[in-house]
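Chemist: The following block contains the structure, expressed as structure tokens.
The values are calculated or read from the model by the stated rules, or taken from the named source; none is laboratory data. Fair warning: this is a prediction, and the values are worked out from it, not measured in the lab. Note: ideal-geometry Cβ built from the backbone for every residue, glycine included; neighbour counts use all protein chains shown. Just so you know, the surface numbers come from the protein's heavy atoms only, side chains and all, with ligands and any DNA or RNA stripped out. Shrake-Rupley method; radii C 1.70, N 1.55, O 1.52, S 1.80 Å.
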Amino acid sequence: MTSQKEGNGSSAKSNGHSDPEAAPPTASGDEDNSLDAILVRIGQFGRYQIINYVLLCVPMLFNAFFSISYVFSASTVVHRCNVPQCDSASSLYEESWLNFTIPYKNSAWDSCHRYAVNQTELLTVPSGPYCASEYFTDNSETCGRDFKFRDEEKTISTEFGIYCEDEWKLSMVGTINNVGQFVGIPLGGYFADRFGRRTMLAVAGALSALMGVIRSLSSNYSMFLVFEFLDMAVGSTLFPTAFLLAIELVGPKRRVAAATIITIFYALGEAFLGFLASQVQHWRWLLRVLYAPAILQILFLWILPESVRWLLSQGAEERAAAVLRRAARINRRPLPEEQVDELLATNRQKLSQANESQYPIMRAVRFFSLRIANCCLCWFTHTLIALGLSLNSVNLGGNKYTNFMLNGFIQIPGLLLPLIIMDRVGRRYSLCASMLLCAICMGASAGVAADNYAGSLTLFLIGKLAITCSFQILYFFTSEIFPTNVRNSLLSLCSMVGRIGSMLAPQTPLLAKYYIYAPQILFATFALISGFLTLAFPETADKVLPTTMEEARDLNVAKRRREREEAAAEELGERVASKVIQ
């Protein structure tokens, strides 16, 4: 993708996508152009980039493991009440006498209630077996802590005795996980800017892995919860840091493809997590399998290159030049020293003139209050639905591991689809249409019978594809509707507000206890409202990234002006053509 030069107002496209990385807020137009020119000269995606890009896909896989492993380690297990009158040590989960001893609802045996015994009938029988329908009433009662389990799966629910009225503790694990991300992402961004992308990726990845291994040794629920928080407070920076390194590593024409492909590895990580969980059904060993290999990420300190852009921003010119020379050598491409010298001279001038204290963030909040509010709602909706669907996938019926793997795989076309529709349809209409499609699928699923597994799964997968597609568009769109000097700050603000949605998402499966379709109705409502509100955003397709607040405010005005200019040019062309014919 060709970079867009904000300073001179020119624009370029690759596959139609504007490039938010082409002109970062920390770089001037000239410096960015010089670095992009060098990347083009030494190879935009040569052997050097491919080797390091493959390495960067590894932390994306681990980040998927870390972010959502609680779906299996802290899940409830299928169980029913023990019936003393009928059950024995050899009894199974499914028995022929369950129809008069255990209530049946939502296509499953009630996990926390059983039918009360008819004491009057028991008094009339001097002796004999009591496992018969006449000895039970239609009144249900809670069954204490004695259960029969369907599967051999072991989670913290079975180990720490978390059942029935205490199941909110299992959902709380997911909420604490996302609270850790809420805290860790801004801190991780600060440390990545302070100490370097590579350093943060290596240290955070290894520390997060260590937290996960320690969590597998938890002796009680509180210890598990504490290390779940610490794990994500440290590990939540893996995705954004690996993402930044990936797109800063390649040339301008490859950034959108690089961003898309590396995000696909996160989706593959989710699918692979489902497979591993199906093979290792004890939560302690599952965590060790997922986390122990990730400790080796500390080796990235020696085998990964640091971001050239970060090195330049820190004035580490010789190190930056050494990285570029090494890339040119491995790619077998020439790199003139005068071009390197020009880049370094431009960078020194930029650093000497830098005044980062003048970022007008408060003025921007007042200037774009409605746009920011709409953007925050959109991010909240996406995080709520995207994570909520992943968590509810294991409750669809059928094999929960297969459902979760399909949930991961369906995200891949969802990530690729924006490359096709974003510029043909426009950012705004693409975002709206994909959110409305998700709303329709979620609403329609409420009309599908609970035992219709195929229908529920189909609607679920289409809805997941749609929200994944719109989430990918939202990343681009948010970076294009705000001006350069506050773009990163406002993007971070919207993303942080969105994390509130991901904190609430783990609680949505609890709604199904009150009404089986409550989660789908909630998702459909938010997707419908927010989907229509996205039409209030300005269109940014085929436009130069706004540099000033006035340019960002006038994006719609600029579109109308461009349409008038194109119409005038077309009319002038027709007049000239008619004169030539005459």
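Chemist: Run down TRP310, TRP285 and say which single residue is modelled with pLDDT of 90 or more, open to solvent by 10 Å² or more (accessible area, probe 1.4 Å) and not basic (Lys, Arg).
Modeler: Matching residue, one of TRP310, TRP285: TRP285.
Chemist: With the condition kept exactly as written, say whether any residue in the stretch 471-481 is modelled with pLDDT under 85, crowded, with 19+ Cβ neighbours inside 10 Å and not in a helix (DSSP H, G or I).
Modeler: Within the stretch 471-481 (the criterion being modelled with pLDDT under 85, crowded, with 19+ Cβ neighbours inside 10 Å and not in a helix (DSSP H, G or I)), the answer is yes, since at least one residue qualifies.
Chemist: Can you tell me how many residues in the stretch 367-403 are part of a helix (DSSP H, G or I) and either within 15 Å of the chain's Cα centre (by Cα) or on the phi > 0 side of the Ramachandran plot (or both)?
Modeler: Matching residues across the stretch 367-403 total 14.
Chemist: Answer yes if at least one residue in the stretch 210-228 is open to solvent by less than 10 Å² (accessible area, probe 1.4 Å), farther than 21 Å from SER157 by Cβ and in contact with a Phe, Trp or Tyr (Cβ under 7 Å, 6 or more places away or on another chain), and no otherwise.
Modeler: For the stretch 210-228, residues open to solvent by less than 10 Å² (accessible area, probe 1.4 Å), farther than 21 Å from SER157 by Cβ and in contact with a Phe, Trp or Tyr (Cβ under 7 Å, 6 or more places away or on another chain): absent.
Chemist: Looking at the stretch 142-163, which of its residues are surrounded by fewer than 17 Cβ atoms within 10 Å (Cβ to Cβ) and either touching a Leu at 6+ places or on another chain (Cβ under 9 Å) or within 18 Å of SER278 (Cα to Cα) (or both)?
Modeler: PHE149, ARG150, ASP151, GLU152
Chemist: While we're here: Residues in the stretch 52-74 that are among the hydroxyl-bearing types (Ser, Thr, Tyr) and under 29 Å from LEU324 (Cβ atoms): how many?
Modeler: 1
Chemist: May I pose another question? Yes or no: LEU417 open to solvent by 30 Å² or more (accessible area, probe 1.4 Å), assigned to a helix (DSSP H, G or I), touching a residue at least 24 places away in the same chain (Cβ under 8 Å) and among the aliphatic types (A, V, I, L, M)?
Modeler: yes
Chemist: List the residue pairs whose Cβ atoms are under 7 Å apart, where the first residue sits in the stretch 52-67 and is of a type outside the set (A, V, I, L, M, F, W, C), the second is part of a helix (DSSP H, G or I) and open to solvent by 10 Å² or more (accessible area, probe 1.4 Å), and the two are 6 or more positions apart or on different chains.
Modeler: Taking only residues 6 or more apart or on different chains, the pairs are ASN52/LEU249; TYR53/LEU249; ASN63/PHE239; ASN63/TYR266.
Chemist: Could you say which residue among VAL289, VAL280 is under 24 Å from the mean Cα position of the chain (by Cα) and over 30 Å from ILE420 (Cβ atoms)?
Modeler: One residue alone meets the criteria, VAL289.
Chemist: Name the one entry in ALA292, ALA277 that is touching a residue at least 40 places away in the same chain (Cβ under 8 Å), surrounded by 20 or more Cβ atoms within 10 Å (Cβ to Cβ) and assigned to a helix (DSSP H, G or I).
Modeler: Only one candidate qualifies: ALA277.
Chemist: On to the next question. What helices (runs of 4 or more DSSP H) completely inside the stretch 174-252 contain at least 1 residues that are aromatic (Phe, Trp, Tyr)?
Modeler: In the stretch 174-252, the matching helices (runs of 4 or more DSSP H) lie at 221-235, 238-249.
Chemist: Further, regarding this structure: Say whether the condition of being farther than 30 Å from PHE477 by Cβ, of a type in the set (D, E, K, R) and surrounded by fewer than 24 Cβ atoms within 10 Å (Cβ to Cβ) is met by at least one residue in the stretch 169-187.
Modeler: yes
Chemist: Being more than 30 Å from SER278 (Cβ to Cβ), of a type in the set (Ser, Thr, Tyr) and surrounded by fewer than 18 Cβ atoms within 10 Å (Cβ to Cβ) is true for just one of SER133, SER96, SER90. Which residue is that?
Modeler: Selected residue: SER133, the only one of SER133, SER96, SER90 that is more than 30 Å from SER278 (Cβ to Cβ), of a type in the set (Ser, Thr, Tyr) and surrounded by fewer than 18 Cβ atoms within 10 Å (Cβ to Cβ).
Chemist: Let me ask another. Considering the stretch 160-173 alone, what residues qualify as being of a type outside the set (Asp, Glu), assigned to a helix (DSSP H, G or I) and at pLDDT below 90?
Modeler: If the condition is that a residue be of a type outside the set (Asp, Glu), assigned to a helix (DSSP H, G or I) and at pLDDT below 90, then CYS164, TRP168, SER171 are the ones that fit.
Chemist: Something else about it: Identify the single condition in (1) assigned to a helix (DSSP H, G or I); (2) over 26 Å from the mean Cα position of the chain (by Cα); (3) of a type outside the set (Ser, Thr, Tyr) that CYS441 does not satisfy, given that it satisfies every other one.
Modeler: Looking at each condition in turn, CYS441 falls short on (2).
Chemist: Output the number of residues of the stretch 133-159 satisfying the condition of being assigned to a loop (DSSP other than H, G, I, E, B) and closer than 15 Å to PRO509 by Cβ.
Modeler: So the answer is 1.
Chemist: Count, please, the residues in the stretch 493-521 that happen to be hydrophobic (A, V, I, L, M, F, W, C), over 24 Å from ALA233 (Cα atoms), in a helix (DSSP H, G or I) and open to solvent by 30 Å² or more (accessible area, probe 1.4 Å).
Modeler: Matching residues across the stretch 493-521 total 3.
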